[in-house]
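Everything below concerns the one structure shown next.
The values are calculated or read from the model by the stated rules, or taken from the named source; none is laboratory data. Just so it is clear, the model here is predicted, and its values are computed rather than measured. Don't worry about glycine lacking a Cβ; one is built from the backbone with ideal geometry, like all the others, and counts go over all protein chains shown. The area values use the complete protein model at the heavy-atom level, side chains included, leaving out ligands, DNA and RNA. Shrake-Rupley method; radii C 1.70, N 1.55, O 1.52, S 1.80 Å.
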Amino acid sequence: MKQTAKRLFFCLMLLLCTFVLRAQTTTIIPFFYEKVYLHTDRDVYTQGEDIWFKSYLVNAQNNKPINYSHNLYVELISPGLQISQRHVLRVDDGLGNGDFKLPDTLSAGTYRLRAYTNWMRNFGDTFVFEKNITVVNTKGKPVLALRPVRRKKKVDAIIAKKDTIPAGPTVQFFPEGGSLVNDVLSVVAVKAEDEFGRGVAATGTVLATSGRAVAKFTCDSLGFGQFTLEPDETQMYHAEVTINGELHKFELRKARQKGFTMGVGATSPVIFAEIACNGFSLSESGGNYLVIVGRHGNKVIYKERVRIQSKNNFVQIPDVNFPEGIACVTLYDEYAKPLCERLVYVHHPNCTKLKIITDSTAYHSKTKVTIKLKLSDSTFTHLSLAAVDAGVVPVQQEDILSYLELKSEVKGNIEHPERYFDTTNVNRYKQLDLLLMTQGWRDFIWKDIEDTKFKQAYDVEQALAITGRVRGVWLNKKAPNMNITIFAPKATGDKLFTTISDSTGHFKIDGAIFYGYQYINFTSRKSNGIGVDGESKGKTGGWVIVDSLFLDRLPVRQVSVLDTTSLPADSLLERDRLKKKFSFSGVNELKTVQIKSNSEIFPPEVHAITAVEQKEYSCIGQYVIGLIPGAHWEMPTDNGPIFIATGHLPPRAVAVSGNYTDHSKIGSYGGDDAFWGQPVDRVLKITINSHETITGRVYSVKMILRPGSLEIKDIFDNTMADMVGYTQARVFYAPKYEAPSDKPDYRTTIHWEPNITTDAKGEATVSFYNADQKGKVRVIVQGVTDKGVPVAAVAGYVVK
């Protein structure tokens, strides 16, 4: 009777609602590249705080917001290379925002924030965004970062002729354009690094085999330097370099007997290139044509034939068509073979700039601040704003400008990228050029990802994809050619979808847009002939089995060199203690109830779920890992998604059991990723049991849930499944002190505003209230214009 009533209700809903019945279609999308950048409110947090972020998804070739992919995967990766939390954001017109709630028991260390679309995976990790997030510990001495691991890389022949693991500092030499050529004067860039790959100051002398010193150089604190050298074919060269008071010797690669060199520079409004060769090469190539090509983001902007008539040939390339950012200049021979390549940064002095204007330079605690944001031209722009306590929050080393225009184009760790865009740094152009000559150096190492050779393995995701299979009701038999219909009553836009199962009984439906957790109805009918269990055409039949969403996840790669920058942790931890002592939101910490009976070693910890916790935590998994020391949220495995980092290997999975309040047991979701993603309000009580073993402490979890809240109800041809959709972004708590208040307020992030758009004049206004603490407040604003120009600005004011 209950099943009949449910079917009648479902049919009534179909008649009352107006839906678009969508079959699966293939959208033809042009070939493109995507980049994504995440603006976070800060880079350093304490346990229990929130990481607030805004995502900017752009076309990698012009930085304009792009509207192809709509699914953005954002992950927080632990120091142990585990995905501790994961969100799937819905991005429209390239924009989205969200947050991660850090558990109170989260281990201290350097975490990685990673973001990518499914389409980006076709290009490896080339376009995947990553940044370091440091979590400091509120209990005991903070651990600012993991101990850096010594590099294990192949030492290039330009440094030495043997493959070793550097036991000490290394110095690399990068001839401009690619290679040294005998009897041709070239600029050679230098990069000095310690054994962990960090730049280090150095001084050196280049000597020939005759013992004559031919050049001297000095490397700055980040290890960058340069010298000029005109190689002699009768000589070999090495450098004697002093680093931290110790002398080291490094060989230079032997110069080529013939070939071309190319020096490149940019001085608006032109990019100039000098193509040079020796007499031997001139006699071979004199009068022939070479081709010089200028690109931006793999898009050809300039192409010209150059006739070689002397040892030195000069070319001027207008930069008017090059966007602000890195340009790649390549020299080819007549057979399209690359000869030289050089990266150069194109500056446009009149490029759009962002200005932050506060209505005062000094304020009092809990008073209102009004900020005007103004672009240098009338440009429609998407912006995000963070105001933080400058006394405890370190300056961010990266912004959207340095990432999109520099870091995403140059491989390897870029130390202090902000210095290359600091207008007060008089040496920034020279420093930037040295960076591109070293970490952007090319020597015939080419990645060919042209359209004709592209092999697509991952699709563009424009909405959610729901997958599953259909099998026989009584026999586990494939059910091909079944019409699968999905009804999602709370979806945004279309609510009814249809597809046909393939020859193996599997199906996939794209196009659903829904947020959070909701029930979805699946039905199956035979499309033609006789059904899997003998049903006739059009009859319902088969058993619909639904998979979880987003199962195919990007593997986590190991990073050997970690940031160990010292941080003002003491001030940040003291602020966190004040916040917990005087919570401005009026939330009191729930005391743990201990039951002292029926325990092997440790008494059970019983936690009743309060209304406050239902709002504070986004899901069950997030709440549970906050209760178990050292726990992190792992993606689904056969044993379930939560593991314990006990300090012993292997980590142990948490055993999960439970009952509904009517004493019935939890169904098949008990060890599934979908279970841990359920809302906290579905749980009434959680009991944590633990005991000590020789390999560490072992935990188990027992829950009391609301009746039937986690069931998948299979009615043969009809399945009701509780699915998890896009992550719903939370709203930053921003108190309004319109009347005097003595309520303590110790916010570290004073304000977070992720969605700001400028008007027709290129202006926008934001207002918020200060907290209690006195001192300096830093305001950081970042964004991108509709023309693809990334903008960033920092300002400050004082609270008295």
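Each label point was placed 7 Å from the Cα along the Cα-to-Cβ direction; for residue 230 and residue 309 their separation is 2.3 nm.
Within the accessible surface of segment 319-465, defined with a 1.4 Å probe on protein heavy atoms only, the carbon and sulfur portion equals 52 percent.
Applying 1/(1 + (r/R0)^6) with R0 = 51 Å to the Cβ-Cβ distance of residue 737 and residue 608, what FRET efficiency is obtained, to the nearest 0.05?
Details: r = 33 Å, r/R0 = 0.65.
After rounding to 0.05, the efficiency reads 0.95.
Which of 478/508; 131/495; 353/776; 254/311; 35/372; 743/776 have a Cα-Cα distance over 26 Å? Over 26 Å apart, Cα to Cα: 131/495; 35/372.
Inter-label distance, residue 378 to residue 498: 5.1 nm, where each label sits 7 Å from its Cα along the C-beta direction.
Each residue, residue 800 and residue 411, gets one label point 7 Å from its Cα in the Cβ direction; the gap between the two is 5.5 nm. Would you mind checking 101/685; 216/411; 430/761; 101/761 for any pair whose Cα atoms are more than 30 angstrom apart? Pairs exceeding 30 Å: 430/761; 101/761.
The overall shape of segment 312-423 is prolate: from the C-alpha gyration tensor, with semi-axes ordered a ≥ b ≥ c, the ratio a/c is 1.5 or greater and a/b exceeds b/c. On the principal axes of its alpha-carbon atoms, segment 273-367 has extents of 77, 24, 19 Å, going from largest to smallest. Compared with the alpha-carbon gap, the fully stretched path from residue 123 to residue 481 is longer by 125.5 nm at 0.36 nm per residue.
Subtracting the Cα-Cα distance of residue 64 and residue 205 from 0.36 nm times their residue separation leaves 46.2 nm of extension gain.
Taking a ≥ b ≥ c as the square roots of the eigenvalues of the Cα gyration tensor, segment 216-270 is classed as oblate, since a/c reaches at least 1.5 and a/b does not exceed b/c. Placing R0 at 22 angstrom, the Cβ-Cβ distance between residue 698 and residue 657 gives a FRET efficiency of 0.95 after rounding to 0.05. Between residue 242 and residue 577, the contour length at 0.36 nm per residue exceeds the alpha carbon distance by 116.0 nm.
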